[in-house]
Amino acid sequence: MVNEQALLSDLVDAINTWVDGNRSRSLSGLARRTGVAYSTIRRIAQNESVPHPYTALSISEVVMTTQQRLEFLKTHFPTIGNLMEECYGTKIGGEGNEETLQRFLRVEPHNRI
């Protein structure tokens with residue numbers, strides 16, 4: 001059983017961190033990238049509404065790194081999280097290049113595909 005308040009709290013923290021990470025990021029941009037309605041994103045970000053699991057997963061794909069998403073899944077959706085760790089656990093550990101990639105894309109935004 002999913003602890004809805006803990007799920008919401010973790011998701012709100014991740015959304016706030018993501019938005020604060022770059023001044024060009026916004027809730028409307030998150031809505032476009034996830035395919036989730038802006039009003040839904042806003043209610044979640046303001047701690048007003050517990051998201052449907054599919055919505056939570058869509059948001060987590062954008063606002064979390066792979067390692068953060070794996071921990072999020074293991075905490076809130078243990079069956080899926082443990083399966084993901086089992087399948088991809090050895091490949092996920094080497095995500096140190098994510099920061100380098102993000103820095104490169106900030107300097108060279110036209111190289112984003």
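The values are calculated or read from the model by the stated rules, or taken from the named source; none is laboratory data. Being a predicted model, the structure only gives us computed values, none of them experimental. Quick reminder, even Gly has a Cβ in these numbers, built from the backbone with ideal geometry, and neighbours come from all protein chains shown. Accessible surface areas use protein heavy atoms only, side chains included; no ligands, DNA or RNA. Shrake-Rupley method; radii C 1.70, N 1.55, O 1.52, S 1.80 Å.
Inside segment 22-50, can you point out the residues that are within 13 Å of LEU8 (Cα to Cα) and either under 13 Å from the mean Cα position of the chain (by Cα) or not in a loop (DSSP other than H, G, I, E, B) (or both)?
THR40, ILE41, ARG42, ARG43, ILE44, ALA45
Given the conditions (1) under 26 Å from ILE80 (Cα atoms); (2) touching a Phe, Trp or Tyr at 6+ places or on another chain (Cβ under 6 Å), which single one is not true for THR34?
It is condition (2) that THR34 fails.
Any chance segment 64-83 includes a residue that's of a type in the set (S, T, N, Q), within 23 Å of ASN22 (Cβ to Cβ) and open to solvent by less than 70 Å² (accessible area, probe 1.4 Å)?
yes
Can you run down the residue pairs with Cβ atoms below 9 Å, 6 or more apart or on separate chains, where the first is in segment 6-32 and under 20 Å from GLU71 (Cβ atoms) and touching a residue at least 60 places away in the same chain (Cβ under 8 Å) and the partner is open to solvent by 60 Å² or more (accessible area, probe 1.4 Å) and not small (Gly, Ala, Ser)?
If the second residue must be open to solvent by 60 Å² or more (accessible area, probe 1.4 Å) and not small (Gly, Ala, Ser), the pairs left are ALA6/THR75; LEU7/THR75; ASP10/THR75.
For segment 1-21, enumerate the residues that are over 18 Å from THR79 (Cβ atoms) and in a loop (DSSP other than H, G, I, E, B).
Of everything in segment 1-21, just one residue is over 18 Å from THR79 (Cβ atoms) and in a loop (DSSP other than H, G, I, E, B), namely GLY21.
Quick one: ILE44 ticks every box in (1) touching a Pro at 6+ places or on another chain (Cβ under 7 Å); (2) in contact (Cβ under 8 Å) with a residue 60 or more places away in the chain bar one, so which box is it?
(2)
Taking segment 51-60, which residues are among the hydrophobic types (A, V, I, L, M, F, W, C) and either within 13 Å of SER9 (Cβ to Cβ) or buried (at least 19 other Cβ atoms within 10 Å of the Cβ) (or both)?
ALA56, ILE59
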